[in-house]
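The values are calculated or read from the model by the stated rules, or taken from the named source; none is laboratory data. Note that this is a predicted model, so its numbers are computed, not measured. Note that each Cβ is placed from the backbone with ideal geometry, even for glycine, and that neighbours are counted across all protein chains shown. Heads up: the accessible areas ignore ligands, DNA and RNA and are worked out on the full protein's heavy atoms, side chains in. Shrake-Rupley method; radii C 1.70, N 1.55, O 1.52, S 1.80 Å.
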Amino acid sequence: MHKNSTKWELVGSPITINKTVIKNRLTMAPTVKFDYAGEDGKVTSKHIEHYKERAEHGVGLICVEATAVTPSGRFWKNHMGLWEDEQIKGHKEIVKACHDNETAVIIQLNHTGIVSNPDCGEMIGPSAVPTRDENVYSREMSIEEIHEMQTKYVEAAIRAKEAGYDGIQLHGCHGYLINQFISKKTNHRKDEYGGDAKNRARFATEIIQKIRAKCGEDFLISVRTAGVEPTVDEAIKIADEYVKASCNYLQVSTGIEWDDSSVKARNPVYNDICELGVRFHEHFKDIVPVSCVNGLLAPDAVRYLIENKLVDTVDLGRALLADPSFSEAVLESKSFVKCYNCLRCQYGPGMPHKCPAALKR
Ligand SMILES: Cc1cc2nc3c(=O)[nH]c(=O)nc-3n(C[C@H](O)[C@H](O)[C@H](O)COP(=O)(O)O)c2cc1C
């Protein structure tokens, strides 16, 4: 319907990623709802309504927010989880709400590592480095702990599959555990999980291989990866390892260290972070689909990126928080309430975090 009702050829056209058909090029970026989950990490009716509303308005793929693979891997105590079987039931409801609207749905799996909330557990990571409190150091994980942690990701993926998700996304950016292994700033290991790009990617590539073995060939495995760490070329080397391990989709955002003037030098179309996705797309064209994200708050920006084949899909965060019908604004030129770019949605529990644009609807 969308394809024929607009003058844009590509943005409303389907794309098949692995075996999952996504009806258009718009994907909802993972965006935590800080006050929705309880401390048990279970899905609530607020989550179900939240995702249902976005699916009803036609977004092609939803990536459900960062979901903890262990209770210790949370940023806040009320953070959604998939660390135990009792949590599967609620996820089935999210999946149903999406699939009833022909929206594909994956879930982002995460452990916060060295930036975990100390009230949730010990801050562990690839190396002993400063945590969110510069004076407090994380504890370096032993090889045995690394393997146990990988198993937690795999078990969470198996639960995701049981809930009916089309696949999972590994959270490999924004400074969380997988990204901490990737970044030389936080990974000082001398063993097979540190050193060159292949070794620093190993924590994630082994998770990908194990998920593939347990969840099957049809299961979509995406990595939300750091597009620069500290350079784009190095980040691409890491992503090459993910693809070799059978990752089907690269969703590109930022990492920990950024020391690369080549991004600005190309005078990016929208912003530097979107440009990372564009650079990745140039490298991975005809290999795996690539998405970009950041600051895409107006329909013409989204259309430009897709229609000019700069990326395969576009991830939308705040635009869809402000107005679930933003996808229809892109696909059918309908009116919408624009995100004010005020960042109040990023505040944590107990702080003011109502989206003023959403309140206007
Ligand atoms: C309220 C909020 C929650 C977020 N939660 C997550 C998350 O769970 N996982 C993640 O990878 N990024 C998260 N992000 C980052 C977004 O996915 C996205 O990359 C960022 O907002 C930039 O895109 P935008 O300009 O379209 O919002 C969050 C951002 C916001 C504003």
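Of all the criteria given as (1) in contact with a His (Cβ under 8 Å, 6 or more places away or on another chain); (2) within 16 Å of the ligand (Cβ to nearest atom); (3) open to solvent by 30 Å² or more (accessible area, probe 1.4 Å), the one not satisfied by residue 94 is (3). Contact map, segment 27-41: first residue closer than 30 Å to residue 306 by Cα and in contact (Cβ under 8 Å) with a residue 40 or more places away in the chain, second residue more than 14 Å from the ligand (Cβ to nearest atom) and part of a loop (DSSP other than H, G, I, E, B), Cβ cut-off under 7 Å, separation 6 or more or different chains; pairs are 27/60.
A single entry from 276, 305, 343, 321 fulfils the requirement of being aliphatic (A, V, I, L, M) and either away from the ligand (no atom under 15 Å from the Cβ) or touching a helix residue (DSSP H, G or I) at 6+ places or on another chain (Cβ under 6 Å) (or both): 321. Find the strands (runs of 3 or more DSSP E) located wholly in segment 1-70 whose residues include 3 or more that are in contact with a strand residue (DSSP E or B) (Cβ under 9 Å, 6 or more places away or on another chain) and more than 14 Å from the ligand (Cβ to nearest atom), and list them. The qualifying strands (runs of 3 or more DSSP E) are 15-17, 20-22. Residues that are more than 21 Å from residue 250 (Cβ to Cβ) and not in a helix (DSSP H, G or I) within segment 312-332 comprise 323, 324, 325, listed in sequence order.
Scanning segment 324-348 for residues that are under 19 Å from residue 62 (Cβ atoms) and either touching a Leu at 6+ places or on another chain (Cβ under 8 Å) or open to solvent by less than 10 Å² (accessible area, probe 1.4 Å) (or both) turns up 324, 326, 327, 329, 330, 331, 339, 345.
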